[in-house]
Amino acid sequence: MTDESLVLSTIDGRVAIVTLNRPKALNALSPALIEQLIATLAQLEANDSVRCIVLTGNERSFAAGADIKAMVDATPMEMYRDGAISRWAKIAQCSKPIIAAVSGYAFGGGCELAMMCDMIIASESAQFGQPEINIGVIPGAGGTQRLTRAIGPYRAMEMILTGSTISAQEAFDYGLVNRICPVESYLTEAVKLAARIAEQPPLAVQLAREAVRAAAERTLREGLELELRNFYLLFDTADQKEGMRAFIEKRKPNFTGE
Ligand code: CAA
């Protein structure tokens, strides 16, 4: 961990905390920051002791969007060739659960980054928005799709066409965030939640997450088939035998991740 890093990471037991570290630019998501984030997540994916990840920024800003200064003069072909935004998909493809701990601005790509995560814990000062329309573009990292699925087409349309932002309370009321916490404790609450998930049998967590995520992409019939396949598959794990035996023997299960 060095001060020059645009992304910092620490490991606390089975939970990794990944911090966006470009505070002067309100954590604007430059190509270099995104590269470091992708590399950090890849390292954490390869680390078997890490079971859940918390992604955060700082109190003032989770992330104020893609770096406008880095793309103002770009041509479409440069953006395409560099995978300027398409590379971000790797973040959403991380195989471990990620909880976004959001305080301050989650705008544009910052809101999209939070929505790539599996859960969102917000501080009371969090603000969410897709203000790209104000600068002559539209969301490009999933905003039109994920926000619409999260809060419904009418509210999403209003936010995306006007560039208006919503408070933590509105985001909670609309179903975009799991809970709101005081600024002093949003990160520790996110870490506590991550620690609870990290205690669960990891293969069950992975297959459950895959099935829940499929609900946004598949028909009901396909989603149900995937769920059932994953349910059956878990009968091949030691943790299923241990979990069910422990229940019957009235003791706490000792999950090994096998
Ligand atoms: N890109 C580059 N730099 C940014 C930035 C961004 N998205 N957001 C903030 N910054 C920089 C500012 O340029 C400023 O830098 P300087 O000190 O060098 O001038 C610094 O961060 C502090 O910002 P402000 O002075 O603007 O702070 P503020 O408190 O007055 O305003 C804000 C905060 C309302 C978040 C404002 O900074 C803002 O509107 N930012 C842009 C939000 C935005 O439009 N995001 C969408 C980007 S496009 C996108 O994300 C596309 C996509 O879908 C992938």
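The values are calculated or read from the model by the stated rules, or taken from the named source; none is laboratory data. Since we're looking at a predicted model, the values are computed, not measured. For neighbour counting, all protein chains shown are included, and Cβ atoms are generated from backbone atoms with ideal geometry for every residue, glycine included. Heads up: the accessible areas ignore ligands, DNA and RNA and are worked out on the full protein's heavy atoms, side chains in. Shrake-Rupley method; radii C 1.70, N 1.55, O 1.52, S 1.80 Å.
Odds and ends about this structure:
- Spin-label pair E170/D48, simplified geometry with 7 Å Cα→Cβ offset, distance in nm: 4.8 nm
- Per-residue HN-Hα couplings for the range 200-206 [Karplus 6.51, -1.76, 1.60; θ = phi - 60°; Hz; x = Gly/Pro]: 6, x, x, 5, 5, 4, 5
- Taken over the C-alpha atoms, the range 202-248 has Rg and Dmax values of 12.0, 37 angstrom.
- The shape of the range 177-258 comes out oblate: with a ≥ b ≥ c from the C-alpha gyration tensor, a/c is at least 1.5 while a/b does not beat b/c.
- Within the accessible area of the range 34-186, the carbon and sulfur atoms contribute 54%, probe 1.4 Å, all protein chains present.
- Distribution of pairwise C-alpha distances over the range 1-68, 10 Å bins, in %: 22, 52, 23, 2
- Long-range HN-HN contacts of A66 with modeled amide H, under 5 Å: L29, G109, G110
- Of the residues T188, T165, T219, the one that moves most in a GNM of the chain with alpha-carbon contacts below 10 Å is T219.
- In the chain, helical runs assigned H by DSSP with n ≥ 4 each contribute -39500 (n - 2.57); averaged across all residues and rounded to the nearest 500, the mean residue ellipticity at 222 nm is -12500 deg cm²/dmol.
- Each label was represented as a point 7 Å from its Cα along the Cα-to-Cβ direction; for E258 and A32 these points are 4.6 nm apart.
- Rounded to whole numbers, the Karplus 3J(HN,Hα) couplings from phi for the range 15-29 are 10, 9, 10, 10, 10, 6, 10, 9, x, 5, 9, 6, 6, 4, 8 Hz, using 6.51 cos²θ - 1.76 cosθ + 1.60 with θ = phi - 60°, and x at Gly and Pro.
- With kT/(6 pi eta Rh) evaluated at 37 °C and eta = 0.692 mPa s, and Rh the Kirkwood radius from Cα pairs, the range 69-128 diffuses with a coefficient of 252 µm²/s according to Stokes-Einstein.
- When both bridge partners sit in the chain, DSSP labels roughly 30% of those beta bridges antiparallel.
- Cβ-derived FRET efficiency at R0 35 Å, S185 paired with N134, nearest 0.05: 0.60
- Gyration tensor (alpha-carbon) shape descriptor, the chain, a/c threshold 1.5: prolate
- Protein heavy-atom accessible surface, 1.4 Å probe, per residue over the chain: 55 Å².
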